[in-house]
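The values are calculated or read from the model by the stated rules, or taken from the named source; none is laboratory data. Predicted model, so just to flag it, every value in this text is computed and none were measured. Glycine also receives a Cβ, built like all others from the backbone with ideal geometry; neighbour counts cover every protein chain displayed. Ligands, DNA and RNA are stripped out before the accessible areas are found, and what is left, the full protein with its side chains, is counted by its heavy atoms. Shrake-Rupley method; radii C 1.70, N 1.55, O 1.52, S 1.80 Å.
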Amino acid sequence: MFLRQKNRIALISVCGDPAIEIGKEEAGGQNVYVREVGLALAQAGWQVDMFTRRSSLEQAAVVQHSPNCRTIRLTAGPATFINRDEVYSYLPEFVYSFLVFQQREGLRYSIIHTNYWLSSWVGMALRKYQPLIQVHTYHSLGAVKYSTMSDLPPIASTRLAVEKACLETVDRVVATSPQEAEHMRQWVSTKGTIEIVPCGTDIDRFGGIPQNEARQQLGIAPDAKVVLYVGRFDPRKGIETLVRSIAKSSLHGQANLQLIIGGGFHPGQSDGIELDRIQDIVNELGLQNITTFPGQLGDTNLHLYYAAADVCVIPSHYEPFGLVALEAMASGTPVVASNIGGLKFTVVPEVTGLLVPPKNEVAFAQAIDQILANPAWAFQLGQTGRQRVEIAFSWYSVASRLGSLYTQLLDRAASVSGSKSQVAA
Ligand code: UDP
């Protein structure tokens, strides 16, 4: 029998802790998405529990974000950082911990929204124990990621099989852009039901401060030409292309050109290794005097960096959505991005920024120069970007669309279950 606990939902994100600091290794867009969707759904009247794996003993087991929204950290494997690919073997323990939690709290979720393939496995396993509606967001597709790799990791075949089973069997897959939906059809399966609901951004957090004020607070000169990168240090983010494009820029050699590369890192881990590699390229190209690495940007300064920049560059090789593009646009800053994935959906060329072929440092240099050389046009691009985000990409609108989807699926399941019990009677 399908039991509906009204408006109670579990968001499951085994590896993207919604309560953790963002911008360091493996903590990026997925963490932001789960947290912001959770908070916005709670504001809209849902009881939201967000489940993740506990990765440190110092972490609280439960974080209460707002009266109806909390993060619950479940035990699954050792309470230490584990590379995502290695978490797979601990998923049965995650399922067990989830079931124990439900029982202890006297709860039974009838709808879950899983995030990333590892959580999709958890959702599909839970459905064997109780009637459950499952909605899934991939955040990244193994098939696309592996298509450019020559040496596949040992987990690859498992991930591909789980992603295919997920698309074919869960109640609804959410694609965050039409491009991601196309990738699913092309690379994963032609079966299953997909609904497009984009990501959002915090339109109150970004965009409230003029450029000169932000620069004053950050100690950046009013006449500087500021090129900004925000994101994780990962080779797939294409930071190398950006650095090489700055060496090719026609403004290279001018004292006021500045490159800011923002993002957290752990020395010795994969993001620390990528930072070292990028710093070597910066030094080799003689850009060390104009390049700064402010480290992880957060609540106190991320909005200032976006506002202070003349252009925000997103040189990714693969990006299912790309929250940074929305954040920059919400801040009124034009974007130069790779012409790929979700970036083709969010950035409108010549309207909110420019799109160029990925890995093409010459094309990036030309696009950055074009924006830096035309401040009035750049201002217009920024203004239109802000309008676009306000209209289409706030978390409120995302949560409202997801909320309608959940309600529709719950109502459908309740009516099927109702007609079954009538037949039985
Ligand atoms: N981010 C942050 N501080 C940093 C670097 C990144 O808060 O120092 C955030 C950034 O603002 C964005 C997210 O991390 O919200 C990155 O999301 P995106 O979708 O662009 O990339 P992903 O990390 O998912 O590949």
Subset of segment 184-202 [surrounded by 20 or more Cβ atoms within 10 Å (Cβ to Cβ), of a type outside the set (Ser, Thr, Tyr) and within 16 Å of the ligand (Cβ to nearest atom)]
Val197, Pro198, Cys199, Gly200
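From Arg104, Arg108, which residue is assigned to a loop (DSSP other than H, G, I, E, B) and of a type outside the set (Asp, Glu)? Reasoning before the result, please.
Values: Arg104 fails: assigned to a loop (DSSP other than H, G, I, E, B).
Exactly one of Arg104, Arg108 is assigned to a loop (DSSP other than H, G, I, E, B) and of a type outside the set (Asp, Glu), namely Arg108.
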Mind checking which pairs have a first residue in segment 94-105 that is without any contact (Cβ under 8 Å) to a residue 24 or more places away in the chain and a second that is open to solvent by less than 80 Å² (accessible area, probe 1.4 Å) and among the aromatic types (Phe, Trp, Tyr), Cβ under 9 Å, 6 or more apart or different chains?
Ser97/Phe51; Gln102/Tyr109
Hand me the list of strands (runs of 3 or more DSSP E) wholly inside segment 288-349 holding 2 or more residues that are farther than 22 Å from Asn115 by Cβ and either more than 19 Å from the chain's Cα centre (by Cα) or in the same structural domain as Pro178 (by TED's automatic domain parsing) (or both).
291-295
Against the condition in contact (Cβ under 8 Å) with a residue 12 or more places away in the chain and open to solvent by less than 10 Å² (accessible area, probe 1.4 Å), how does Leu297 come out, does it pass?
no
Sole residue being closer than 29 Å to Leu410 by Cβ, assigned by TED's automatic domain parsing to the domain that holds Ser13 and either of a type in the set (Ser, Thr, Tyr) or surrounded by fewer than 18 Cβ atoms within 10 Å (Cβ to Cβ) (or both), chosen from Ala76, Ala181:
Ala181
Regarding segment 245-262, can at least one residue be identified that is in the same structural domain as Pro375 (by TED's automatic domain parsing), at pLDDT below 95 and among the aliphatic types (A, V, I, L, M)?
yes
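Could you grab me the full set of residues in segment 223-242 that are of a type outside the set (S, T, N, Q) and over 21 Å from Ala307 (Cα atoms)? So that I can check it myself, show each step before the final result.
Applying the first criterion (of a type outside the set (S, T, N, Q)) to segment 223-242 yields 223-240, 242.
Once the filter is applied, which keeps residues that are of a type outside the set (S, T, N, Q) and over 21 Å from Ala307 (Cα atoms), segment 223-242 yields Phe233, Asp234, Pro235, Arg236, Lys237, Gly238, Glu240.
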Quick one: what pairs do we get from segment 198-217, first residue assigned by TED's automatic domain parsing to the domain that holds Thr137, second of a type in the set (A, V, I, L, M, F, W, C) and part of a strand (DSSP E or B), C-beta under 6 Å, 6+ apart or different chains?
none
Filtering segment 314-333 for residues that are within 13 Å of Gln387 (Cβ to Cβ) and open to solvent by less than 10 Å² (accessible area, probe 1.4 Å) leaves a count of 3
Of the residues Val351, Val389, only one is at pLDDT 95 or above and open to solvent by less than 20 Å² (accessible area, probe 1.4 Å); which?
Val389
Out of the residues in segment 263-287 that are at pLDDT 95 or above and among the acidic types (Asp, Glu), state the one that is farthest from the chain's Cα centre (by Cα).
Glu284
Scope segment 334-344; condition within 13 Å of the ligand (Cβ to nearest atom) and buried (at least 24 other Cβ atoms within 10 Å of the Cβ); matching residues
Val335, Ala337, Ser338, Gly341, Gly342, Leu343
